[in-house]
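Some notes on the structure that comes next.
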Amino acid sequence: MGWLQLHGLAAGYGGRPVLQDLDAGPIAEGTVTALLGPNGSGKSTLLKTLAGLNPVMRGEVLLDGECLARATPARRAERAMYMPQALPKGVHMTVFESVLVAARSGLQSRRDAAGPALMRDAMAAIADLGIATLASRYLDELSGGQKQLASLAQALVRRPRLLLLDEPLSALDLNYQFHVMDVLRRQTRQHRLITLVVLHDLNIALRHADHALLLHGGAIEAEGLPAEVVTPATLRRVYRVRARVERCPQGQPQVHVDGLAQA
Ligand SMILES: Nc1ncnc2c1ncn2[C@@H]1O[C@H](COP(=O)(O)OP(=O)(O)O)[C@@H](O)[C@H]1O
Ligand SMILES: [Mg+2]
């Protein structure tokens with residue numbers, strides 16, 4: 001059984017820590033964790049640090065008991081996949097070609113796989129995200145949301161151990177937001193990934209995530225089941241709003257914001 005754990009983690013930029021003394025986990029494989037928190041709370045910094053793109057200043061990140069900071073860059077790249085918040089400008093390559101390139105750069109074992117197997121994997125990833133009709137379109141000719149879906153297909157086809165997605169729903173319509181969360185949860189279970197996904201929509205986190213981490217000012221405010229983390233008290237402290245969390249007639253908890261909290 002694999003897991004991710006943070007021990008006293010500090011990380012930041014230019015020697016200045018943004019994240020201070022984070023303890024989290026163990027987060028089990030096969031689970032989707034919603035990474036929540038206001039703007040500037042350190043969500044992207046945490047994902048980049050887990051991906052090895054930012055240095056660990058203190059403490060450690062353990063993935064299946066292995067210290068990530070001590071892993072070679074090649075090993076880290078194989079284990080962790082980070083999809084950034086701002087996607088790079090689209091290159092002149094079709095969606096299918098880009099997902100095929102991603103499949104080939106995945107695990108060493110799959111890099112040796114025969115061409116037809118990789119092509120099958122690439123097409124399956126594209127179809128799973130519901131964008132088969134875009135397979136032969138060029139990335140630099142897609143809408144923002146379509147590009148985001150193509151990037152998700154590239155991330156999923158690599159089947160990393162640790163899947164780190166920074167606001168992957170930000171450009172998606174209501175249908176695709178639901179669809180993507182569904183695919184993420186299913187693939188995370190099936191391939192025993194550890195998936196961390198930055199979400200701003202707390203109702204999506206309540207509905208689709210197995211686990212939640214709430215950041216505030218570079219520290220962890222709460223961790224646990226989404227419904228334990230998203231409460232009127234944490235929403236007031238962290239987002240400075242007056243809110244209720246109520247169950248809808250189907251039993252699903254939902255956040256209702258009534259106004260801003262008094263300063
Ligand atoms: N490249 C950078 N250099 C210096 N400071 C940065 C850099 N990126 C982010 N920060 C700072 O780190 C803090 C956390 O940012 P970030 O992790 O991007 O927050 P979030 O993703 O939660 O909105 C912010 O105060 C931000 O200004
Ligand atoms: Mg961010």
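Kindly evaluate Tyr13 against the criterion of being among the hydroxyl-bearing types (Ser, Thr, Tyr), within 16 Å of ligand 1 (Cβ to nearest atom) and surrounded by fewer than 17 Cβ atoms within 10 Å (Cβ to Cβ). Reasoning before the result, please.
Numbers: among the hydroxyl-bearing types (Ser, Thr, Tyr): yes; within 16 Å of ligand 1 (Cβ to nearest atom): yes; surrounded by fewer than 17 Cβ atoms within 10 Å (Cβ to Cβ): yes.
Yes, satisfied.
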Take Leu202 and decide whether it is under 28 Å from Gly65 (Cα atoms) and within 15 Å of the chain's Cα centre (by Cα). no
Val157 passes all but one of (1) within 16 Å of ligand 2 (Cβ to nearest atom); (2) of a type outside the set (Phe, Trp, Tyr); (3) closer than 19 Å to Ala102 by Cβ; which number fails? (1)
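Among the strands (runs of 3 or more DSSP E) lying completely within region 151-263, list those that include at least 3 residues that are under 28 Å from Glu141 (Cβ atoms).
Hits in region 151-263: 162-165.
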Sort through Val91, Val32, Val101, Val56 and tell me the only one that's surrounded by 15 or more Cβ atoms within 10 Å (Cβ to Cβ) and more than 19 Å from Leu196 (Cα to Cα). Val101
Looking at region 23-61, which of its residues are under 18 Å from the mean Cα position of the chain (by Cα), farther than 22 Å from Arg185 by Cα, away from ligand 2 (no atom under 16 Å from the Cβ) and not in a loop (DSSP other than H, G, I, E, B)? Val61
Only one of (1) more than 16 Å from ligand 1 (Cβ to nearest atom); (2) under 16 Å from Ala102 (Cβ atoms) does not apply to Arg192, and that is (2)
In region 62-78, residue farthest from ligand 2 (Cβ to nearest atom) [restricted to those that are in contact with a strand residue (DSSP E or B) (Cβ under 6 Å, 6 or more places away or on another chain) and either in contact (Cβ under 8 Å) with a residue 24 or more places away in the chain or part of a helix (DSSP H, G or I) (or both)]: Leu62
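Only the coordinates and a few stated rules stand behind these numbers; no lab work does. In this text, all values refer to a predicted model and were calculated from it rather than measured experimentally. Ideal geometry is used to build each Cβ from the backbone, glycine not excepted, and the neighbour counts take in all protein chains shown.
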